[in-house]
1. Look through 96, 165, 181 and report the one residue that is modelled with pLDDT under 90, more than 20 Å from residue 36 (Cβ to Cβ), in contact with a helix residue (DSSP H, G or I) (Cβ under 9 Å, 6 or more places away or on another chain) and in a helix (DSSP H, G or I).
2. Taking interchain pairs and intrachain pairs at least six residues apart, which have beta carbon atoms under 6 angstrom, with the first residue in the range 148-160 and not assigned by TED's automatic domain parsing to the domain that holds residue 53 and the second at pLDDT below 90 and outside any helix (DSSP H, G or I)?
C-alpha cells in the first residue's frame, strides 16, 4: 500500500530454518542502483509492519520481528550516517573507514571519527526515523485492520499466499484500490 513499494511475490507462515518463522518475499519491479529517501522510509515502514501487527492483534510483542528490526535500523543508520538524509545533521557523511589512502598514517585508531555529542545526535536521528515509520505503519494497518485480519485468516488456512491473492484482497477490501492503482495515484 506504500507508493513505490516493491511488489509482494509471496507470503508464508511456514518456518524456514532456525530464524525465520515466516516471510514476505518482495521483488523489485526494476533493477535499481539509487534509492530515494521516501523509498528507504517505505522499506522501514514495511519492515516494521510485522511488529505493528503483533501489537495491534495480540496487544503484546514477541521476538519474531528481531531480524526486521535489525534491517530497519541498518537502513535508518545508513540514511543518517552514509547518505546525509538527516535534516538535523545535514549533508554530512559519518560513515567510518572512509579515509583515503594518501591520508592514512598507518596507525590504527580505536577512537570514533566524530564526537560523543555527534554520536548522540546520530542515535536520536536514527530513532526518530524508526519511530516516525512505526507510527506510519501503525496508522496504515489500523486503517486496514479488517484486511490484516482477513489476510491472517487466509494464511492460517493455506500457510502461503501469492502476490496475486494479496492484490485481490487489496482490491476487494472495503472498496480499496489495488497496489498498482494506489501507486499510480501517488505519482
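The values are calculated or read from the model by the stated rules, or taken from the named source; none is laboratory data. Computed from a prediction, not measured in an experiment: that's the story for all the values here. All Cβ positions, glycine included, derive from the backbone under ideal geometry; neighbour counts span all protein chains shown.
1. On the way: 96 fails: in a helix (DSSP H, G or I); 165 fails: modelled with pLDDT under 90.
Result: 181 is the single residue among 96, 165, 181 that is modelled with pLDDT under 90, more than 20 Å from residue 36 (Cβ to Cβ), in contact with a helix residue (DSSP H, G or I) (Cβ under 9 Å, 6 or more places away or on another chain) and in a helix (DSSP H, G or I).
2. What qualifies is 155/13; 159/13; 159/14; 160/12.
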